[in-house]
Every structure is written in C-alpha cells, then in structure tokens.
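The values are calculated or read from the model by the stated rules, or taken from the named source; none is laboratory data. Everything numeric in this text was worked out from a predicted model, so none of it was measured. The accessibility values were calculated without ligands, DNA or RNA, using every heavy atom of the protein model including side chains. Shrake-Rupley method; radii C 1.70, N 1.55, O 1.52, S 1.80 Å.
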Amino acid sequence: MMFSSAAPPDAAVPDEILGEIFLRLGSAADLARASAACTAFLRVARLLRRNRLLYRSPVVGFLPSEGPLSLHPRSLHHAEPPHRSASAAVSLAQLVDLTFSFLPDPNSWHIRDASGGRLLLAPRPTDTTAGFVDLVVCDPLHRRYVRIPPIPDDLTTGTSRCGRFAFLAPAGEEESSFRVAWLVKLEAKAAAFVFSSATGKWCRVTFDGWRGSGAVMLTSCRYYTHRSLYQTSGLFRDVLMLDTRRMEFSVPALRRRCQKYNISHWRSRHC
C-alpha cells in the first residue's frame, strides 16, 4: 500500500501559528534548525528575525485559574531547569506579591484576568454583588495598582444582567498603557465596553450579527489566542470573535461545526 507524504491543502499551518510556535523554541540555534526543514519554516523564521520578535519577553511561569470563591493560596508556577527562563523565573516568584498586601482589604480580591505582567482584579462576589463590579488593574511585581472608573450610565443602558465578562486587552506597542473590557449582551446585540488607560475614558463597541442571548453568553466558553477573544456556544454553529487590537467584532466563516476544545486562529469575514 502506498501513502502520500504530501499534506492536504487544508492541513497547512498558517504562518501566524508557526510564528507563535517558533517563539517558544529554546534558543536561536533551535530556530535555525527548524528553518532548515522547509521553505515555509524558513520564510517565517526570517520574518521573526527581521522584526526581532525572537527577543521579546520570555515566558517565566503561569498562574492557575482562580474561581471567585477559591480558598487556595495563590502561587506562581514558575519555569524550571532546563528551561532558558528558569533563573529569572525563580527570582520573579520570590519578588511578586500575590497576597495583594499593597491593596486596600487584600483578601477581598480575586483574579479575573492576566496579561503582560498585569492582573485584573474584582471583589469576591457576595449576596449583594450585581451589575458591573469595581475593577482594579495591578502590577504585583512593583506593587502598584490603578482603580478603573465605573462605566458611565449612558453607555450601559439596555445591558443584560447575564453573561458579563471582564478581561484585559493589549493597548498596542506602548507597554505602559493597557485596556480593560467588558463583553456583554446589549439588547439584541453583542457589545464591548472598553476602558483605555491612555485616555482614561470608556467607549462602546456593538455588533448585531451574534444570535446568542445573555444566558448563552453566560454559559458559553471563551478562548483567547492571537490577540483575539473567541466565544462559542453549543447551541449555535457561529463563533463570536473580538479582535482586541482593533476592538472589532466578527463571526468567522467555519467549514464545520466548531468544537469547544478546538479553537485556533483562522481568517474571518467581518460583518
């Protein structure tokens, strides 16, 4: 029996995904060896070198997902030898303050999101918790924090009380700035309320091409990859995508029913 070694066209890995994989190689020598495998790998490796993306901040560890009622002590699961970031990771784990001792009432906060060395915190829920809760963005290494101002009432009119989801989003090339966003159901539309640390103001982005209700948004699954947030639901074939760089909604064109555990980056059609 003969087998073909050529992969079908649909199995080709996009350059964006190859780039993300190559950035996780252990050294420049590993990248050089990978680039010798084929012309596609060489093309992506040259792009990384030209843009100096290989020298971006290394991964030093991760924080486990924290539920609002979690009672376990927070800890940074840092990189260990032989990972190239092991030495820096151990030092970071000793310096970072995950007890939030620099915040008012340190035990009242839980982690909602993490990005770029910052944490998005919200108060632990109580019987009276409702609406858009107070949010804080903090830097646990340098022990600094910023309280996010409340969203103006005129922006939130018509917002569903179900399915609200807060997250951190990149603000661009400037490392000193950040954005915080709420993903919500607004009447018959999906909406994002976005706060920019550069302007100190909130804005609203809406999209009327999503069929999910507030309850669907509450029970659906969310994934973050390639600077885009994806929201799926077992009730619909469509996936809601929010490009966090442009703050634009779209519904990617899928060839088959999307599975909750199989989210990657693909080309999409904007509506």
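Some values worked out for this structure:
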| read-out | value |
| --- | --- |
| Subset of the stretch 77-90 [hydroxyl-bearing (Ser, Thr, Tyr) and open to solvent by less than 60 Å² (accessible area, probe 1.4 Å)] | Ser85 |
| Failed condition for Glu66, given (1) over 24 Å from Pro82 (Cα atoms); (2) open to solvent by 40 Å² or more (accessible area, probe 1.4 Å); (3) at pLDDT 70 or above; (4) not basic (Lys, Arg) | (2) |
